[in-house]
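Accompanying notes for the structure given below.
The values are calculated or read from the model by the stated rules, or taken from the named source; none is laboratory data. Just so you know, these numbers come straight off a predicted model, no measurement behind them. Quick reminder, even Gly has a Cβ in these numbers, built from the backbone with ideal geometry, and neighbours come from all protein chains shown. Note: accessible area is taken over every heavy atom of the protein model, side chains too, but ligands, DNA and RNA are not part of it. Shrake-Rupley method; radii C 1.70, N 1.55, O 1.52, S 1.80 Å.
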Amino acid sequence: MFRRIKKLFAVLLVLVVIALVVAHFQAPYLVARTNDPINKLRKFQAANSDPGEAGLDFDSFSIETNDKLSLKGYFIPKRQAKGCIIMLHGIRAYKEHFIQIAPRVHEKGYSLVLLDNRAHGQSDGDYCTFGVKEKEDVSTLIGYLISQGVKEPIGVWGQSLGGAIALQSMAHDGRISFGIVESTFTKFSIIADDYFVRFAPFVPKWYRSYIIGRGARLANFDPVDAQPIVSAGQITQPIFLVHGSIDNRIHVKYASELYNAIPAETKELDIIEGANHVNVWQKGGDAYFKRVFDFLDKIID
């Protein structure tokens, strides 16, 4: 009996050691690593492989970031455009995601830029930094657009992670004239913990904090710097915030917190009833896009 107990204890000890090793060396990568081969395959879920399949003329482009990464994108021009909108996708997504609404936005008079964020799609990099470095990338992109002759007002339209990048970019770069922000969060540390609880509710708080902090260190950014709620407090440009009422990934309460933090005179908050994190466009429908374009018409001369 003693031998059996001893053997069982040894097996349990080995399993615990393996679990600790996996947790220490592998779990943190799930926090911020986004450009692994499996995630790259997600692009094939897109309905269109490029804007041409949606009937839009476009140019492919590449820009170099401050830390020497190559970012890929599409530029969809509009003759006599009212504005130029940079579309920023969510985590583990890709620029082609926005092709489904690009014709609608283009028809309303806007040039579009569809960008693969760093560590996503065809762009270089392994780690997402939740807006810390991405806001610098957006500034680099704006400089490129201006050098290519874009003179109309430049705005950002971000979804989820892209919304967090949009908020931080608007605070960082005054050349951004307006923003549309869908379904985003207030702080990296909070949303990372929310996701952790969603998928592993049995993990204690201290350990969740350890994994999140280690993941940020691997990605080479400080979680304190990834706080869209802080950036929101510096935004004076017109901004339109959107969130689904039953979002099960990023709680709708964060939309109200962001809205209340923004000092801009022109701001709107649109809660789409019955929408979750991924179907705001579908649930909102034509009425939602009308509110967005009415807002843009109001702020752009």
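Largest mean-square fluctuation among Glu268, Glu53, Glu152, in a Gaussian network model of the chain whose springs join Cα atoms under 10 Å apart, belongs to Glu53.
Non-local lysine pairs in region 91-199, meaning eight or more places apart or on different chains, with alpha-carbon distances under 21 Å, amount to 7. Let me have the 222 nm mean residue ellipticity of the chain computed from DSSP H runs of 4+ only, each contributing -39500 (n - 2.57), with the sum over all residues rounded to the nearest 500. Dividing the helical sum by the residues of the chain leaves -13000 deg cm²/dmol. Remark: spin-label model distance Tyr210-Val230 equals 2.6 nm, labels positioned 7 Å along the Cα→Cβ axis. Taking every alpha-carbon pair within region 230-301, the share separated by more than 21 Å comes to 30 percent.
Applying a DSSP loop filter and a limit of 11 other Cβ atoms within 10 Å to the trypsin sites (Lys or Arg not before Pro) in region 248-301 leaves nothing.
Are there chymotrypsin sites (Phe, Trp or Tyr not before Pro) in region 164-240 that DSSP puts in a loop and that have at most 15 other Cβ atoms within 10 Å, and which ones? Passing sites in region 164-240 are Phe202. A simple charge model with +1 on the Cβ of Lys and Arg, -1 on the Cβ of Asp and Glu and nothing else charged puts the dipole of the chain at about 1520 debye relative to its Cα centre. Rounded to the nearest 10 square angstrom, Val113 shows an accessible area of 0 square angstrom against a 1.4 Å probe. Can you tell me how region 144-301 classifies by the Cα gyration tensor, rounded, prolate or oblate, using a/c under 1.5 as the rounded cut? Note, shape of region 144-301 comes out oblate.
Potential lengthening of the chain between Asp222 and Asp67 amounts to 54.2 nm, from the contour at 0.36 nm per residue minus the alpha-carbon distance.
Mean separation of Cα pairs under 8 Å and 6+ residues apart, divided by the residue count of the chain: what relative contact order is that in percent? Result for the chain is 15 percent.
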